[in-house]
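Take a look at the structure below.
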Amino acid sequence: MEKLSLRESLMYLLRHKKILIATFVISALVSAGLSLLLPNYYKAQVMLLPSDTNSISKGILSQMDNVDPMNYGGAKDCEYILDIITSGRVVGAACVKFDLAKHYGIEAEGEELNEKLGRKLFNNIKAKRTENLAVKLTVWDTDPVYAANIANFMAREVSVVRNEIKKEKADSICATLERSRKEIMVKINVMSDSLAKISKEYGVYNPEGISERFATEWSKQVASGNQAAVARLEAKMSEIGEKGERIDNIKTQLDNYMETLKHWNTQLEKAKLDRAAEIPTEFIVEYATPSFFKDKPKRSVIVLVSAISCTLLALFILIIRDKLNGSKNGNEVAATA
């Protein structure tokens with residue numbers, strides 16, 4: 001295997017320097033001319049910080065000191081923002097509002113339109129998480145004002161989507177609580193009617209109080225030696241004990257249902273408050289503004305990379321050519337010998 005020294009390599013480059021220089025210059029000029037045909041794209045950026053909670057009942061009415069609606073969210077909240085801001089719901093709303101298919105000059109329909117528009121949006125809209133758990137949305141467009149408007153619209157649309165999700169959940173919770181609340185109220189009404197009916201039937205409305213009064217009277221009659229009165233009082237106390245136990249049982253159940261209803265009412269009011277409130281689910285700390293300095297294409301990079309690539313390709317072709325010529329000359333010498 002032939003070894004090529006550094007000196008020989010330099011000598012080889014010097015022998016072909018005119019071809020290589022010409023290739024570099026021509027390819028640079030051609031790539032520069034072609035790069036001028038590429039449209040200028042301007043960048044607009046929005047910075048969002050997710051909120052820790054979007055529940056006013058949790059953030060304000062909660063008794064827990066560690067819940068603060070002004071806290072910034074964590075990694076999970078940041079991922080929620082990323083998923084929503086890049087979702088078809090938000091991107092689709094931007095496409096409709098700004099008529100991006102027409103703006104990008106896409107003439108197609110149906111699946112073809114969706115595919116072409118999707119590829120265009122994939123290159124022009126990017127969202128990523130920063131080191132401080134914020135979300136940075138970047139939009140590129142040939143019109144700087146258009147780029148800023150799209151970025152700001154998408155950032156605001158995140159709050160709209162999250163509030164709609166919250167409202168839908170709150171509606172379901174309120175419907176469930178109201179249904180359970182009605183069931184409890186029906187049970188309370190039934191028990192209240194039963195208690196009134198039994199109390200009226202037995203003539204006992206306060207078993208505990210009546211028992212105490214009969215016990216006091218029974219003690220007096222025992223002390224006076226009135227056995228007939230003692231017997232009547234004992235029979236009455238026995239009857240009250242049997243009937244009063246049932247009445248007390250109904251009262252206990254009724255009290256439990258009343259406590260449950262009170263708790264349900266509290267939770268229902270919290271759910272209704274959350275449904276009506278529109279707490280910001282994220283904080284837009286930096287709105288997009290039009291930039292009048294292009295961000296891409298990087299024409300100098302394109303020209304440099306193209307020129308170097310073409311020059312290396314020309315060098316490779318020269319090496320292959322010389323190798324083939326060398327092999328041909330060797331074969332001819334061998335044949336002559």
Over the stretch 153-186, the set of residues modelled with pLDDT under 85, surrounded by 15 or more Cβ atoms within 10 Å (Cβ to Cβ) and among the charged types (D, E, K, R) is ARG162, LYS166, LYS167, ARG181
Within the stretch 187-202, how many residues are small (Gly, Ala, Ser) and modelled with pLDDT under 70? 1
From the list SER300, SER224, pick out the single residue that is modelled with pLDDT of 80 or more, exposed (fewer than 11 other Cβ atoms within 10 Å of the Cβ) and over 30 Å from LYS166 (Cα atoms). SER300
Matching residues, the stretch 114-151, being more than 20 Å from ARG89 (Cβ to Cβ), β-branched (Val, Ile, Thr) and under 22 Å from the mean Cα position of the chain (by Cα): THR130
Checking GLU107 against (1) modelled with pLDDT of 60 or more; (2) surrounded by 18 or more Cβ atoms within 10 Å (Cβ to Cβ), which single condition isn't satisfied? (2)
Of all residues in the stretch 263-318, which are more than 30 Å from LEU177 (Cα to Cα), in a helix (DSSP H, G or I) and of a type in the set (Gly, Ala, Ser)? SER300, SER306, ALA307, SER309, ALA314
Condition met for ILE284 (assigned by TED's automatic domain parsing to the domain that holds ARG156, within 30 Å of LEU133 (Cα to Cα) and of a type in the set (A, V, I, L, M)): yes
When you go through (1) in contact with a Ser or Thr (Cβ under 6 Å, 6 or more places away or on another chain); (2) without any contact (Cβ under 8 Å) to a residue 12 or more places away in the chain one by one for LYS126, which number turns out not to apply? (2)
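The values are calculated or read from the model by the stated rules, or taken from the named source; none is laboratory data. Model, not experiment: these values are computed from the prediction. All Cβ positions, even for glycine, are placed from backbone atoms using ideal geometry, and neighbour counts span all protein chains on display.
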